[in-house]
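Colleague: Following this message is one structure expressed as structure tokens.
The values are calculated or read from the model by the stated rules, or taken from the named source; none is laboratory data. Remember, it's a predicted structure, so these values are computed and weren't measured experimentally. Here the Cβ positions follow ideal geometry from the backbone for every residue, glycine too, while neighbour counts run over all protein chains shown. Ligands, DNA and RNA are stripped out before the accessible areas are found, and what is left, the full protein with its side chains, is counted by its heavy atoms. Shrake-Rupley method; radii C 1.70, N 1.55, O 1.52, S 1.80 Å.
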Amino acid sequence: DSFLFYKADCLLQKFNAVVFVCDLFSDPYGWGWSTDRSNFNHVCENLVADNYQTLRDRVSTSLNSFLENVPEVDPHRLAAIGWGLNGRPLKELGALQSDDFKVKALATFQVTGFHGEQFHMSLEDEEF
């Protein structure tokens, strides 16, 4: 996805950060950018149909794989930005806190959830 690549490159250049992009949609053909939203909407509905379990599993699996394969990342100094699905993937990421990793900051571009629920989450108020 060229947009995600652009955003990751901007973060890398500005913050000298390791950037992780979680592909929740598995869209190798670019249909997510199509004006025909039927496939996109179908995938979104499947991600949330089981009380968000599929979405939660994809976020968790992706993060665990990333941390296992990129050892230079400090798992206790994670931050995340997101757009799409109205911030719900970030809410799931924030809920995954454990002794093995800690998300210190989350930011989303949207303030209401996929089905209208409000996105409110507070993390520990520590220096990042």
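To keep it simple, each residue is scored yes or no on (1) touching a residue at least 40 places away in the same chain (Cβ under 8 Å); (2) touching a Pro at 6+ places or on another chain (Cβ under 8 Å); (3) open to solvent by 80 Å² or more (accessible area, probe 1.4 Å).
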position: PHE5; (1), (2), (3): no, no, yes
position: PHE25; (1), (2), (3): no, no, no
position: TRP31; (1), (2), (3): no, no, no
position: PHE40; (1), (2), (3): no, no, no
position: ASP57; (1), (2), (3): no, no, no
position: ASP74; (1), (2), (3): no, no, no
position: ALA79; (1), (2), (3): yes, no, no
position: LEU90; (1), (2), (3): no, no, no
position: LEU93; (1), (2), (3): no, no, no
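Colleague: From the list LEU93, LEU63, LEU67, which one is assigned to a helix (DSSP H, G or I) and touching a strand residue (DSSP E or B) at 6+ places or on another chain (Cβ under 6 Å)?
Modeller: When all the criteria are applied, what remains is LEU93.
Colleague: If you don't mind, another one. Restricting attention to segment 42-55, which residues are open to solvent by 50 Å² or more (accessible area, probe 1.4 Å) and either aliphatic (A, V, I, L, M) or within 13 Å of LEU85 (Cβ to Cβ) (or both)?
Modeller: Selection gives GLU45, ASN46, ALA49.
Colleague: Moving to a separate point now. Would you check which residues across segment 59-71 are without any contact (Cβ under 8 Å) to a residue 24 or more places away in the chain, open to solvent by less than 70 Å² (accessible area, probe 1.4 Å) and not small (Gly, Ala, Ser) and list them?
Modeller: ASN64
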